[in-house]
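Step one of this worksheet: look at the structure below.
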Amino acid sequence: KKDQVLEYLEGLNPSQRAAVEQTKGPVMIVAGAGSGKTRVITFRVAHLVRSGVDSFNLLVLTFTNKAAKEMRKRIIELVGPEAKNIWMGTFHSVFAKILRVEAAKIGYPTNFTIYDTDDSKSLLRAILREQQLDDKLYNANFVYNRISSAKNNLISAAEYLKNAQIQSEDTATGRGRLGEIYQIYSQRCFKAGAMDFDDILFKTNVLLREHPDALYKYQNKFKYLMVDEYQDTNYSQYLIVKKLAAINENICVVGDDAQSIYAFRGANIQNILNFEKDYPDLKVFKLEQNYRSTQNIVNVANSIIANNKNQLKKNVFSKNEEGDKIKVARAFSDNEEGKIVAESILQERGVKGLKFNDFAILYRTNAQSRSMEEALRKLNVPYKIYGGLSFYQRKEIKDLISYFRLTFNSNDEEALKRVINYPKRGIGDTSMERIIIAADQHKITPWEVISDAGRFLEQRSATAIGNFAIMIQSFQVVAKNQTAYEAALHIAQHSGLLKDLYTDKSVEGLNRYENIQELLNGIKEFSEREDIEDRGLDIFMQDVALLTNDDNDKNPDADTVSLMTIHSAKGLEFPHVYVVGLEENLFPSQMSINSRADLEEERRLFYVAITRAEKKLTISYATSRYRWGTLTSCEPSRFLDEIDAQFLELEFKNTQKTTDKNPFFDDTLASSKSADTFSKIKPNSGIIRKTTSMLPKAHIPSEGFAPSDISGLQVGMEVEHERFGYGKVINIEGNKSDIKATIFFKELGQKQLLLKFAKLRIV
Ligand code: ATP
Ligand code: MG
């Protein structure tokens, strides 16, 4: 057995191996992309199990359920089926499971509902309406984000109301009632037996803080903790980990500050810095070799991230082949960009004998998938979109699930609102309002009003409402006595939902009906599983709100091109990667360009995108794009300008002129016939607008910088760069659109820039 242990440790370099073998005490690895952080966690878990640690004593926290699934598969390969016992998953899925067990301690029913974002916002909208608040000042999204960030910083509604600083800030912006809304929202969730996403972490903290017995129990259960992607944890998550690790202090976290991309959701880089303070005897391991990517890709990534001021310095290098240079493709329109990418995939695949699986297209925003999808479909390239709307979020699925929710937790107000009059049974909005008012008056839940409708409501509506309550009660009996599948089918039929969908013979209607069938099939499979003891519909329901589209992937091994946002690509790798839409106001996004912190987060996002590529990276941008229904012209992203030009290869398709006067915007493109979007509009019709003119532009160091005509640039000239400051041209090489200048900057030293992108002027 000892030999086997050694054998698999050989798949690690000396620093990785040292981190794997350091099983006791606090361990931290902060290292660049592709350096084997996730591999260290995987092997470390395997090593612990091999060394005799009980697999029930391990807790591994990953960023997605999919990542946990893949890691588990890997560990099973290394140590066998014993690995099935390991607690492994996202913070949300692991702690939702624990909260179900401990629910009574914090006053929740075991069958508490998890409100997804839509449920939460719908409840907030109802509250804002009831309170008659201005929906511009108190926009539901805005209020939701405020409450979310309060919870992630462990500020309860009561504390929010007591906090003088928060109160004066809210009052100053005319939103003095936010605290009150937070409080009403929390009470309504509590009464409905529901937790929202942030509550899962918030209530876990409450549980561990107020119930020392529970804290002690889990401290002893999870003797070894490991956290991947630690840079993206928020304060609430940080505290949970810290508390659980307090007795044994066997905690290992891995992350990369340069890949922190969830600050907007409360992720806090401070958690990495705190870690050193929290554990003075911390062992830190450095990983510097990137095993994922070619040298060119690693070098490009390094040259990008060097532009961020806030970062922990680290060295990342690759000993893999040098690889192709990074291609930059320019398109006239978003549609042409799709075409260029789709054609390139087909060509590369043909020439190199690759699979579609070897390719990924990454974009900044979900909306960009449309032009990519269209182009791929035209060329019959199979693809799969990751992330996006979850199967469980589709209307018909959520309707049926709401019936299930109500069956197990009849106080679930959002589920009730969804189905009380669907399919139509004559219980209109007014009736629903009366129910809510009666519940408020008598200090009971809406369900208590409904189940005694004769007493609380007028005769006119009481009959229909009473019948609805009887129906739900009959579902409760069925759910208790039958298998998950039988119960689900019964509810789908007797609620009238299946029939309602069946009578709709439109394509969409058929589609919805099929989706319901698919859900029922899934439940059937679940009913027949032999590896778990509890197979009731209530158990099936528990995690549904936490599942994403990717968890529902019916055919994970299909040979398809992967499409996803950069945010969902974190931790993944693909041989060939296309990062599309490198344009100002798109990437970096419009929201980010006025603050350094936000801009640096966008740059980290770009770093994440680039570092997904193993063999070949292609970056593209369009000079015009449909956004919010109008054709807007775009200029290349400042990030292109930051890439060290020696690693780039330009590939401009359909370019009529090779040396543009103005490298950022060429008006002559508007009359070009080669791009399909342009053929539909007349030149100068006013449809084309410069995005730059709509927004103040962010020039970071020098105010009012305007790049000048640099076609006459010569060696020896003095220049000023938008961000790099003053410098002197020491070399010019290349031709046509591929001219590179080597410039010696006073502050930064030597840099090679592509004049195409350089925001430069002659001084
Ligand atoms: P990210 O920051 O993107 O999450 P990471 O640091 O977690 O990256 P991994 O995903 O663990 O990196 O590793 C990147 C790739 O390199 C994987 O394919 C992994 O199997 C491989 N790899 C890492 N270390 C080694 C090694 N010592 N020998 C061979 N392959 C390795
Ligand atoms: Mg990783």
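The values are calculated or read from the model by the stated rules, or taken from the named source; none is laboratory data. Values in this document were obtained by computation on a predicted structure and should not be read as measured data. Note that we place each Cβ from the backbone using ideal geometry, even for glycine, and neighbour counts take in every protein chain shown.
Just a few scattered comments:
- When the stretch 20-73 is limited to residues that are under 26 Å from the mean Cα position of the chain (by Cα) and among the hydroxyl-bearing types (Ser, Thr, Tyr), the one that is surrounded by the most Cβ atoms within 10 Å (Cβ to Cβ) turns out to be Ser35.
- Pair list, Cβ under 6 Å, 6 or more apart: the stretch 632-643 residue at negative phi, other residue assigned to a strand (DSSP E or B): Thr632/Arg689; Ser633/Ser624; Ser633/Lys690; Cys634/Glu583; Cys634/Arg625; Pro636/Tyr621; Ser637/Glu583
- Identity of the residue in the stretch 720-752, among the polar types (S, T, N, Q) and without any contact (Cβ under 8 Å) to a residue 60 or more places away in the chain, that ends up surrounded by the fewest Cβ atoms within 10 Å (Cβ to Cβ): Asn735
- Qualifying residue in the stretch 478-487 (condition: of a type in the set (Ser, Thr, Tyr) and without any contact (Cβ under 8 Å) to a residue 40 or more places away in the chain): no
- Residue list for the stretch 523-544, restricted to those being more than 28 Å from the chain's Cα centre (by Cα), surrounded by 15 or more Cβ atoms within 10 Å (Cβ to Cβ) and farther than 15 Å from Leu406 by Cβ: Lys524, Ser527, Arg535, Gly536
- Looking only at residues of the stretch 495-511 that are at pLDDT 90 or above and in contact with a helix residue (DSSP H, G or I) (Cβ under 7 Å, 6 or more places away or on another chain), we find that the one that is farthest from Ile539 (Cα to Cα) is Leu501.
- Among the residues making up the stretch 143-160, those that are outside any loop (DSSP other than H, G, I, E, B) and surrounded by 15 or more Cβ atoms within 10 Å (Cβ to Cβ) are Val143, Tyr144, Arg146, Ile147, Ser148, Ser149, Ala150, Lys151, Asn152, Ala157, Tyr160.
- Of the numbered criteria (1) within 26 Å of the chain's Cα centre (by Cα); (2) part of a loop (DSSP other than H, G, I, E, B), the one Gln368 fails is (2).
- Count - residues of the stretch 108-125 that are of a type in the set (A, V, I, L, M, F, W, C) and more than 27 Å from the chain's Cα centre (by Cα): 0
- Matching entry among Arg596, Arg612 (being modelled with pLDDT under 95 and either surrounded by 20 or more Cβ atoms within 10 Å (Cβ to Cβ) or away from ligand 1 (no atom under 16 Å from the Cβ) (or both)): Arg596
- Selection status of Leu586, within 16 Å of ligand 1 (Cβ to nearest atom) and either among the hydroxyl-bearing types (Ser, Thr, Tyr) or under 18 Å from the mean Cα position of the chain (by Cα) (or both): no
- Arg50 meets all of the listed conditions (1) farther than 28 Å from Asp281 by Cβ; (2) in contact with a helix residue (DSSP H, G or I) (Cβ under 7 Å, 6 or more places away or on another chain) but one, namely (1).
- Residue within the stretch 267-279 that is under 23 Å from Lys69 (Cβ atoms), within 14 Å of ligand 1 (Cβ to nearest atom) and outside any helix (DSSP H, G or I) present: no
- Identity of the residue in the stretch 372-405, among the aliphatic types (A, V, I, L, M), touching a residue at least 40 places away in the same chain (Cβ under 8 Å) and not in a helix (DSSP H, G or I), that ends up farthest from Glu348 (Cα to Cα): Leu389
Residues are listed down the side, and each one gets a yes or a no for (1) under 26 Å from Glu433 (Cβ atoms); (2) at pLDDT below 95:
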residue	(1), (2)
Glu130	yes, yes
Leu133	yes, yes
Val143	yes, no
Gln165	no, yes
Glu169	no, yes
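- Test: Ile523 is more than 16 Å from ligand 2 (Cβ to nearest atom), part of a helix (DSSP H, G or I) and touching a Phe, Trp or Tyr at 6+ places or on another chain (Cβ under 9 Å): yes
- Residue identified as in contact with a helix residue (DSSP H, G or I) (Cβ under 8 Å, 6 or more places away or on another chain) and either part of a helix (DSSP H, G or I) or away from ligand 1 (no atom under 14 Å from the Cβ) (or both) among Asn302, Asn320, Asn248: Asn248
- Out of Val328, Val381, Val298, sole residue that is modelled with pLDDT of 90 or more and within 16 Å of ligand 2 (Cβ to nearest atom): Val298
- In the stretch 552-575, the qualifying residues are those that are away from ligand 2 (no atom under 16 Å from the Cβ) and of a type in the set (Ser, Thr, Tyr), and the one that is nearest to the chain's Cα centre (by Cα) is Thr565.
- Top-ranked residue in the stretch 555-593 [being among the small types (Gly, Ala, Ser) and under 20 Å from Arg638 (Cβ atoms); ranked as surrounded by the fewest Cβ atoms within 10 Å (Cβ to Cβ)]: Ser589
- Members of the stretch 416-470 that are basic (Lys, Arg) and closer than 18 Å to Ile491 by Cα: Lys417, Arg418, Lys424, Arg425
- If you check Asn271, Asn248, Asn320, Asn310 for being crowded, with 16+ Cβ neighbours inside 10 Å and either touching a residue at least 60 places away in the same chain (Cβ under 8 Å) or over 25 Å from Gln22 (Cα atoms) (or both), only one passes: Asn320.
- Breaking point among (1) assigned to a loop (DSSP other than H, G, I, E, B); (2) away from ligand 1 (no atom under 15 Å from the Cβ), for Gly571: (2)
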